[in-house]
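The values are calculated or read from the model by the stated rules, or taken from the named source; none is laboratory data. Owing to the predicted nature of the structure, the values given are computational and were not obtained by experimental measurement. Cβ atoms come from the backbone with ideal geometry, glycine included; neighbour counts cover every protein chain shown.
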Amino acid sequence: MFEQWRTDEDMSHGFLVPFVILWVIWRERERWRALPAQPNWWGGALLALAAILHFAGALGVGLFAESLAFLISVAGAVLCLGGFSWLRALAFPFILALFMLPKLALVYNQATLPLQLLASRVAAGMLTVAGIGVIREGNILDVGGHRVAVVEACNGIRYLLSLGFMGVVFGYLFDSRSGMWAVRLTLLAAAIPIAIVANAARVAAAGWMPALDSGFPHELSGWFIFVLCLAVLLITRQLLNRMYVLNRS
Amino acid sequence: MKGRALNKLTAVLFWLTCSLSLKAQITLGSTVDTFGVLAGSTVTSSGPTAVLGNLGVSPGSAVTGFPPGQVIGTIHAADAFAGTAQTQLTTAYNAAAGAPSSATVSGDLGGLTFFPGVYTSSTSLAITGTVTLNALGNPNAQFIFQMGSTLTTAVGSTVVLTNGAQASNVFWQVGSSATLGTSSFFSGNILALVSISLGTGAALQGRALARNGAVTLLSNTINTPAGSGGPPPLATPAPSSLILVTTALLGIAIYQGRKRIFQSFRT
């Protein structure tokens, strides 16, 4: 996993996930310390399952299987030592840990091209609506002779994973009251269209302004648009929260 | 059941044959790439034609109808640039004509879907209705249509590009002349030995390139696609997810600790 975080810029946020998990565990320490330890033998079954998965991964099933095996083995160890109450208390860190896992190649390979084409289409649409002439050919945009390509690294997966992760963290921090699972899930779901539109806006900006198509200005514009995404996500959370409170009252 | 499996196997073998036979990629030269319209003798336009890209003629020199027609590019009439473009057009035409065929087609292509490959007709081809070119998700996939004589499209006919197909990678090598029907929509580079005529209101996403004869336009729109022989387009990768998530976490940390930060400033 470490190697993938190091080499794949879509997954480099993996370095931060363990720290966030540790922080959440530390924040919840009073809660899980109060829980009685009730060791459960089902933990052994989980450990065995993890061992099989790890073995399959080593035989060539893939890095994803091996990484999943690691998480399952940790869950098994928690179950063995503390039982289901401990596992329940640590459920949220396990959800966060899913964001450390390498991309599932089968899904990623199928999703990459459609995401590239979607980003190209939406970006071309944005430019057209703004009155800027653009010719789109597949994943290439031509804005008055200035050509930009929506390659694999531009497909929006980075925004999607980063915003999805932050959606989960926001949900945990700001909507931790019981019964707010719907709000959390909706927030996570909202991250998907926001990420897609934001990525298209980034591509459109690079097409429209040649100064933004490479180097530091390009990085900065991508970063700035992501900050706007976070703001939109927070506003969405605020709206969802209000709807939830209104429904309750 | 058995028949269906056989059909699938045949389709796979056909696609494989097409792929293998298209080993060499056809490219227009970097000069002819910039032209939306290029003729050997004359370019004649009537009505509000719009050409996005260069317009040229060589060895002839007559260009009429601009204005009222508009060229969003440069008109090259019998200059060296147009001459170079004609030379490159001849090379591309010969390369397209000489590409090894992967399938034979004939008559009307309307209603058919084509996958990347080289399709040959010893005589003429026609298009009525819609022809679909499906690149199977490969934006670099090429489609080459070779025909011995004419290409004629019907009124309102359409050439649709799907699944990553790009107009710059579609080549219609026409042995004599091409005629696009009124209000038709056509995609690809027309490489005609003699002449090209576009019917009233026809739109072309591609290039009309005639080696020896005229190009005749009637209130048309020609969108020249990004060239296949020019510099590659710039990739626009997003910042790494490490930078993005770090930013967001720092934002949360500041938000959560805002009271303490304000207090420390006050004291």
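Quick notes on this structure:
- Residues of the stretch B:129-160 classified as assigned to a loop (DSSP other than H, G, I, E, B) and on the phi < 0 side of the Ramachandran plot, total: 12
- Here residue A:70 fulfils each of the conditions (1) closer than 23 Å to residue A:9 by Cβ; (2) more than 27 Å from the chain's Cα centre (by Cα) apart from (2).
- Test: residue in the stretch A:77-85 that is in contact with a helix residue (DSSP H, G or I) (Cβ under 6 Å, 6 or more places away or on another chain), modelled with pLDDT of 85 or more and farther than 30 Å from residue B:242 by Cβ: yes
- Considering residues of the stretch A:24-50 that are aromatic (Phe, Trp, Tyr) and loosely packed, with under 13 Cβ neighbours inside 10 Å only, the residue farthest from the other protein chains (Cβ to nearest Cβ): A:41
- Residue B:244 falls short on exactly one of the conditions (1) closer than 30 Å to residue A:13 by Cβ; (2) part of a loop (DSSP other than H, G, I, E, B), and that condition is (2).
- Qualifying position, being touching a helix residue (DSSP H, G or I) at 6+ places or on another chain (Cβ under 8 Å), in a helix (DSSP H, G or I) and modelled with pLDDT of 90 or more, among A:203, A:197: A:197
- Count of the stretch A:97-106 residues, restricted to those that are at pLDDT 85 or above and surrounded by fewer than 18 Cβ atoms within 10 Å (Cβ to Cβ), is 1.
- Residues satisfying the stated conditions in the stretch A:7-23, i.e. in contact (Cβ under 8 Å) with a residue 60 or more places away in the chain, over 15 Å from residue B:250 (Cα atoms) and more than 7 Å from chain B (Cβ to nearest Cβ): A:8, A:14, A:18, A:21
- Scanning the stretch A:222-247 for residues that are facing chain B (nearest Cβ under 10 Å) and within 24 Å of residue A:114 (Cβ to Cβ) yields A:222, A:225, A:226, A:229, A:233.
- If you go through the stretch A:128-156 and keep only what is at the interface with chain B (Cβ under 9 Å from one of its Cβ atoms), modelled with pLDDT of 75 or more and in a loop (DSSP other than H, G, I, E, B), you end up with A:133, A:150, A:155, A:156.
This table checks each residue for (1) surrounded by fewer than 18 Cβ atoms within 10 Å (Cβ to Cβ); (2) β-branched (Val, Ile, Thr).
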{"residue": "A:168", "(1), (2)": "no, yes"}
{"residue": "A:181", "(1), (2)": "yes, no"}
{"residue": "A:193", "(1), (2)": "yes, no"}
{"residue": "A:214", "(1), (2)": "yes, no"}
{"residue": "A:217", "(1), (2)": "yes, no"}
{"residue": "A:229", "(1), (2)": "no, no"}
{"residue": "A:235", "(1), (2)": "yes, yes"}
{"residue": "A:239", "(1), (2)": "yes, no"}
